[in-house]
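Peer 1: My questions all concern the structure below.
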Amino acid sequence: MIRTLADAVPRRVPRRTRAALALAALAAGCAAPPDRGAAPVPPAAPPAVIRAADAGATVPGWREYFAEPGLQALVAQALANNRDLRIAARRVDEAAAGYGLQRAELGPTLGLQARGIRYHAPADLSLTRQAQTAGAQSAGLGFSSWELDLFGRLRALSDSARERWLASEAARRAIELQLVAQVADGYFGLCELDERLALARETVTSRRESLRITGRRVEVGSSSKLTLLQVRTLLTQAQSLVATLERERAAQVEALALLAGARPQLPETLPRLDTLAALAPLAPGLPATLLERRPDLLAAEAQLRASRANVAAARAAFFPQLTLTGQWGSASAELSGLFESGSRQWLFTPSIALPLWDWGLRARNLDLAEARRDIAVAQYEKSVQAAFRDVADALSARRWYDEQAGIAGDALAAQRERARLARLRWDTGASSFLDVLDAERDLLAAQQAEVQARRAALAARVALFAALGGGTPVTSSPEPDPVTP
């Protein structure tokens, strides 16, 4: 293989130089980072779910997108105290330390050595046939077993560790993005529950008043006891809804406390959903932009590069390993003469090793690295496909939930008018109270459904924000190295 590379160099270059260039090219080829390759996704998002206003839109950061002060304070609290995010940050530190350890393998380990020895030899073991006592002292600076990375094995292992470090950092940013989305979604859910609770309590108040008025009518004989029981049924239904919503609100507060890492810092009065609906427009862009924006895809890509670097290291293991051991210092039989002139001592021991038969150990190690690389390729492609689906689903949900919210508003207006007319007809004796009962029940359901529809539209916007990468800055250059070899 080396001969083939050397033959590719022009003949006018000396043979030794051509061989050195071939070795350098081989080492560079082992450590070269691979390209990303073609993404297994369509060239653009489905046009049916893209709006004309999205053409020039961008993906802002979470502070610009979620401008409500209460939500910003809650997100900041979660980013400071969430335990999952802390674990992810410590994993980044762990990966950085592992990269530093691997980079340290590229350079020699220098150390000071000092040694003293004193020994006594009996007469029968002495060349002079007399008992002898002697000693020696030495001190020096040296290195041992420093491997020269001629074929890029150590460099490939270092590149693999570096990519794992970058992958852990991208994974941390992915967890941070998901945390922001979960907190925003939970905050909007709490706003929804408060708004629904307010409507249910207003309904309870109005139905209590209706029950009082109907009771007076029964006392004077202008209404039947059946009507009184029907009004009481309406009241108990509203009271049951209030209890259900109170339970759901308490559970939602606890969920936000888990995300925030402490009791959530919530404003005394949460905003209404219609004041939160004016979020910045978001554009899907092209898949290539998504690949550079979403941190989970960046993590999968870094894992892919790490697996390919491991393959390069496994291939380089088939080449000889050259190690050096050296020491420079001083030695003397007496401690007083250790640093005098003429006591200099040095040692230089190069060694080369190439296993000829290892029962297929290196071959199996290469097979393992290639299998893991193929798994990483499939996982990366799956992550890209899943990300594209997330964007398509979020775009579709945003469009149809917005339309559904508009329909729910129209339905609520119709139910309000129906309830008003039904009560008016009952007051004038033109219809039975059964019409009022149905209208009031449907009105409460329509009020709750309208709030839930607006909440679903907000949830779709949050999902789209997370699917598009949440304004994560595009990192075109690698992070600075934690160590310098």
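The values are calculated or read from the model by the stated rules, or taken from the named source; none is laboratory data. Computed from a predicted structure; not experimentally measured. Cβ: placed from backbone, ideal geometry, glycine included. Neighbour counts: every protein chain shown. Accessible surface areas use protein heavy atoms only, side chains included; no ligands, DNA or RNA. Shrake-Rupley method; radii C 1.70, N 1.55, O 1.52, S 1.80 Å.
Peer 1: Can you tell me which residue within segment 404-413, out of those that are open to solvent by less than 90 Å² (accessible area, probe 1.4 Å) and free of Cβ contacts under 8 Å to residues at least 24 places away in the same chain, is nearest to Ala446 (Cα to Cα)?
Peer 2: Of all residues in segment 404-413, those open to solvent by less than 90 Å² (accessible area, probe 1.4 Å) come to 405-406, 408-409, 411-413.
If we keep only those that are free of Cβ contacts under 8 Å to residues at least 24 places away in the same chain as well, we get 406, 413.
Details: Gly406: 13, Ala413: 9 Å.
Residue satisfying both the conditions and the ranking: Ala413.
Peer 1: Can you tell me which residue is modelled with the highest pLDDT among those in segment 101-119 that are touching a strand residue (DSSP E or B) at 6+ places or on another chain (Cβ under 8 Å) and either farther than 16 Å from Ser144 by Cβ or hydroxyl-bearing (Ser, Thr, Tyr) (or both)? Lay out the reasoning, then the answer.
Peer 2: At the first step, the residues of segment 101-119 found to be touching a strand residue (DSSP E or B) at 6+ places or on another chain (Cβ under 8 Å) are 105, 107-119.
Among the residues that remain, those that are also either farther than 16 Å from Ser144 by Cβ or hydroxyl-bearing (Ser, Thr, Tyr) (or both) are: 109, 116-119.
On the way: Thr109: 79, Gly116: 68, Ile117: 75, Arg118: 71, Tyr119: 70.
Here the answer is Thr109.
Peer 1: I'm told Gly329 meets every condition in (1) open to solvent by 60 Å² or more (accessible area, probe 1.4 Å); (2) touching a residue at least 60 places away in the same chain (Cβ under 8 Å) except one. Can you identify the failing condition by its number?
Peer 2: Going through the list (1) open to solvent by 60 Å² or more (accessible area, probe 1.4 Å); (2) touching a residue at least 60 places away in the same chain (Cβ under 8 Å), Gly329 breaks only (1).
Peer 1: Give the residue, chosen from Thr244, Thr214, that is more than 24 Å from Gln77 (Cβ to Cβ) and at pLDDT below 90.
Peer 2: Working: Thr244 fails: at pLDDT below 90.
The conditions single out Thr214.
Peer 1: Can I ask one more? If only one of Val451, Val474 is at pLDDT 90 or above, touching a helix residue (DSSP H, G or I) at 6+ places or on another chain (Cβ under 8 Å) and either outside any loop (DSSP other than H, G, I, E, B) or surrounded by fewer than 24 Cβ atoms within 10 Å (Cβ to Cβ) (or both), which one is it? Steps first, answer last, please.
Peer 2: Numbers: Val474 fails: at pLDDT 90 or above.
Just a single option satisfies the conditions, and that option is Val451.
Peer 1: Do the conditions hold for Arg398, that is, is it open to solvent by less than 70 Å² (accessible area, probe 1.4 Å) and either in a helix (DSSP H, G or I) or at pLDDT below 85 (or both)?
Peer 2: On the way: open to solvent by less than 70 Å² (accessible area, probe 1.4 Å): yes; either in a helix (DSSP H, G or I) or at pLDDT below 85 (or both): yes.
Yes, satisfied.
Peer 1: Select, from Arg216, Arg247, the only residue that is farther than 30 Å from Gly470 by Cβ, over 46 Å from the mean Cα position of the chain (by Cα) and open to solvent by 70 Å² or more (accessible area, probe 1.4 Å). Spell out the reasoning first.
Peer 2: Numbers: Arg247 fails: over 46 Å from the mean Cα position of the chain (by Cα).
Only one candidate passes the filter, namely Arg216.
Peer 1: Can I ask one more? Scan segment 270-304 for residues that are within 14 Å of Arg461 (Cα to Cα), modelled with pLDDT of 80 or more and surrounded by fewer than 20 Cβ atoms within 10 Å (Cβ to Cβ) and report the count.
Peer 2: As a first pass, look at segment 270-304 and keep what is within 14 Å of Arg461 (Cα to Cα): 273-274, 276-284.
Still in the list and also modelled with pLDDT of 80 or more: 273-274.
Retained after the next criterion (residues that are surrounded by fewer than 20 Cβ atoms within 10 Å (Cβ to Cβ)): 274.
Result for segment 270-304: 1.
Peer 1: Collect the residues in segment 212-263 that are among the basic types (Lys, Arg) and under 26 Å from Ala198 (Cα atoms), keeping them in residue-number order. Full working, then the answer.
Peer 2: Start the filter on segment 212-263 by keeping residues that are among the basic types (Lys, Arg), which leaves 212, 216-217, 225, 232, 247, 249, 263.
Result: Arg212, Arg232, Arg247, Arg249, Arg263.
Peer 1: Kindly provide the set of residues from segment 96-105 that are crowded, with 16+ Cβ neighbours inside 10 Å and either among the hydrophobic types (A, V, I, L, M, F, W, C) or more than 10 Å from Ala161 (Cβ to Cβ) (or both), ordered by number.
Peer 2: Correct list: Ala96 only.
Peer 1: Where residues in segment 120-140 are modelled with pLDDT under 75 and among the hydrophobic types (A, V, I, L, M, F, W, C), which of them is farthest from Ser158 (Cα to Cα)?
Peer 2: Among those residues, the one meeting the criterion is Ala123.
Peer 1: Which numbered condition trips up Glu195, out of (1) in a helix (DSSP H, G or I); (2) surrounded by fewer than 18 Cβ atoms within 10 Å (Cβ to Cβ); (3) of a type in the set (D, E, K, R)?
Peer 2: (2)
Peer 1: Which ones in segment 82-95 are open to solvent by 20 Å² or more (accessible area, probe 1.4 Å), more than 11 Å from Leu179 (Cα to Cα) and not basic (Lys, Arg)?
Peer 2: Ile87, Ala89, Asp93, Glu94, Ala95
Peer 1: Could you check how many residues of segment 85-128 are in contact with a Leu (Cβ under 7 Å, 6 or more places away or on another chain) and part of a helix (DSSP H, G or I)?
Peer 2: Adding up the residues that qualify gives 2.
Peer 1: Output yes when any residue across segment 226-240 is open to solvent by 50 Å² or more (accessible area, probe 1.4 Å) and under 25 Å from Ala394 (Cβ atoms), and no when none is.
Peer 2: no
Peer 1: Now for a different question. For residues in segment 337-349 being surrounded by 11 or more Cβ atoms within 10 Å (Cβ to Cβ) and modelled with pLDDT of 75 or more, which is farthest from Thr323 (Cα to Cα)?
Peer 2: So the residue we want is Gln345.
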